[in-house]
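Encoded as structure tokens, the structure appears first; notes follow it.
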Protein chains: 2
Amino acid sequence: MTVTATRLAKPAPSLDPMIRLVANDMNAVNQVIVDRMRSEIPLIPQLAGHLISGGGKRMRPMLTLASAQLLGYQGTSHHVLAAAVEFIHTATLLHDDVVDGSDLRRGRRTANIIWGNPASVLVGDFLFSRSFQLMVDAGSLKVLNILSGASAVIAEGEVNQLTAVRQVGLPEERYLSIIDAKTAALFAAACRIAAVVAERPEAEELALEAYGRNLGIAFQLIDDAIDYVSDAGTMGKDAGDDFREGKMTLPVILAYARGNEEERTFWKDAVEGRRTSDEDFAHAIALVRKSRAVDDTMARARHYGGLAIEAIRGFADGPAKAAMIEAVEFAVARAY
Amino acid sequence: MTVTATRLAKPAPSLDPMIRLVANDMNAVNQVIVDRMRSEIPLIPQLAGHLISGGGKRMRPMLTLASAQLLGYQGTSHHVLAAAVEFIHTATLLHDDVVDGSDLRRGRRTANIIWGNPASVLVGDFLFSRSFQLMVDAGSLKVLNILSGASAVIAEGEVNQLTAVRQVGLPEERYLSIIDAKTAALFAAACRIAAVVAERPEAEELALEAYGRNLGIAFQLIDDAIDYVSDAGTMGKDAGDDFREGKMTLPVILAYARGNEEERTFWKDAVEGRRTSDEDFAHAIALVRKSRAVDDTMARARHYGGLAIEAIRGFADGPAKAAMIEAVEFAVARAY
């Protein structure tokens, strides 16, 4: 019996195949990142390096590289563009941590805590400018169009999220449009630009865009679910950050919608900042579980994950496609 | 005698000829600005509009338009690019006010005071992204190269300034490199891109770049001098802001360098934040005057103004050239 069980057990999905797939390319990307982070002003590489070398998975540049391999692209333009994508992402993280007043990211103190908000704002601006310089180096107006569009959408999504904070009763649709903008837009662009540099037909651009977008939504849904099932150790950020900041993420939206009068009063008080203790957070977790709000958030993540996998069905089978499918499975399985 | 004196008196230099020169073009630029400031997120046009319609002179887009006229450019690409330049400038102002904690700009409450730092950071990011979308619309990789380079240099200059704050004894060279980056780089780029869209030889690009750069340095020198000769009414910002923030501007650098031991102790205390009262500021103004630090700051501004005028000497005479020369004379005469 034990033998059978072992043989039948499917290993947990992993990001490792994708990491291995792009390992050589990623070395080239890292070289671009290190080279272009340089500045005569020492604080810039110091602060940027803290975050860039701070244990991130480089998910977005990895998607550019994997997508390029899926298409059999043989050039090197994608290395510069993958670095540009990572710079945009890093700039938004620096600004996010200022906006949220966060003090912990990936288990380390945030740049704004170490060097202050002004430095984080300005170094974010620097990285953002550098990302556009990298795109100019790559020489494709079409890529510039996609990434400048994504950047504008990200900023819009962040402002939208800011105005949605502490709004109990936020509709699920508004939440979805926020995560579509602030997270999925860059995932989508990161994948799509690979088809542009590989000079593939627009249908393939759109297929990769759909893969990235749906993966990005699934990724963010799981991130938001994890805030209500996990602790600071596994998250690398303070457990309950979203809760204490009054962020209307899907677990809260569903738990509020499904709550009785007493529970809705609790959520309103919590979201508006009148219940922020550890006991309040524990109660929130209990309500979120009771209402199956986390389960349903994860179910929605699996739905979008399925759409992501479906989007690349038409591409030739091979290690790139397999790794991209497993990356989706990994993303939606993270919370277990 | 009175008649003669009246006849001989030269009218004060004015920006009006340049404003009249570009009035029609500026209407087109303003239309682009209004169109591209739009967003489904109402806070974005609201906050951006507060600053963009807040009485700024639109100096930088005006320089793009005047330079294009100097070259006899007949197209319309420069309208979009002038709007892009204004968006970059507005984004940096939004972030500057967050970084400096300013509460007054051009005589009005700053956006960060009205809507908070998070909104100012994110709307700045939005405008910055939009500026790159506008450049993509204009379709010139060369312009994108110039303006993304200028943006990176501006951010570097701002970080450099941040690390120079409260450093009494800052060398004049370091101050010059800061204002060259944070102010002159965008003036230079605004002028240069006109030569690119007009497809003029590189020598003309460089001449306009030199005009813009030297005008930008002169402009910033006078701005920094005004902080020590004027009051909030004329400045549209709080008098003594630079003083209280411990900013090492040229008037302070010169007054400190020329001070006796007692005066240097005062400056050190002031710059390091231990002397910030109105009496301290009055004493600072007295020291700056006594040491001729403001006069010499203005003399340096006139020097750079002269270089700006010299840079465009080779272009054909006409209303555009005359307006550009008078704009320099206006810039360096502002403090009187």
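The values are calculated or read from the model by the stated rules, or taken from the named source; none is laboratory data. Computed from a predicted model, the values in this text were never measured in an experiment. Counting neighbours? That spans all protein chains shown, and the Cβs are built from the backbone with ideal geometry, glycine included.
Observations
- Residues (within 17 Å of the chain's Cα centre (by Cα), facing chain B (nearest Cβ under 9 Å) and of a type in the set (D, E, K, R)) located in the range A:131-187: A:Glu156, A:Glu158
- If the condition is being farther than 21 Å from B:Thr64 by Cβ, of a type in the set (A, V, I, L, M) and within 11 Å of another protein chain (Cβ to nearest Cβ), then the range B:98-130 contributes B:Val98, B:Val99, B:Ala119, B:Val121, B:Leu122, B:Val123.
- The residues of the range A:302-318 that are touching a Leu at 6+ places or on another chain (Cβ under 6 Å) and either surrounded by 20 or more Cβ atoms within 10 Å (Cβ to Cβ) or in a helix (DSSP H, G or I) (or both) amount to a single one, A:Ala308.
- Helices (runs of 4 or more DSSP H) contained in the range A:1-96 and holding at least 3 residues within 22 Å of A:Ala210 (Cβ to Cβ): A:16-21, A:59-70
- Positions within the range B:162-205 being among the small types (Gly, Ala, Ser), crowded, with 20+ Cβ neighbours inside 10 Å and not in a loop (DSSP other than H, G, I, E, B), in sequence order: B:Ala181, B:Ala184, B:Ala185, B:Ala188, B:Ala189, B:Ala190, B:Ala194, B:Ala195
- Members of the range B:74-114 found to be modelled with pLDDT of 95 or more and touching a Pro at 6+ places or on another chain (Cβ under 8 Å), listed by number: B:Ala82, B:Ala83, B:Val85, B:Glu86
- The range B:135-152 residues that are assigned to a helix (DSSP H, G or I), paired with ones that are of a type in the set (Asp, Glu) (beta carbon under 8 Å, 6 or more apart): B:Ser151/A:Asp125
- Residue in the range A:68-76 that is buried (at least 21 other Cβ atoms within 10 Å of the Cβ) and hydroxyl-bearing (Ser, Thr, Tyr) present: no
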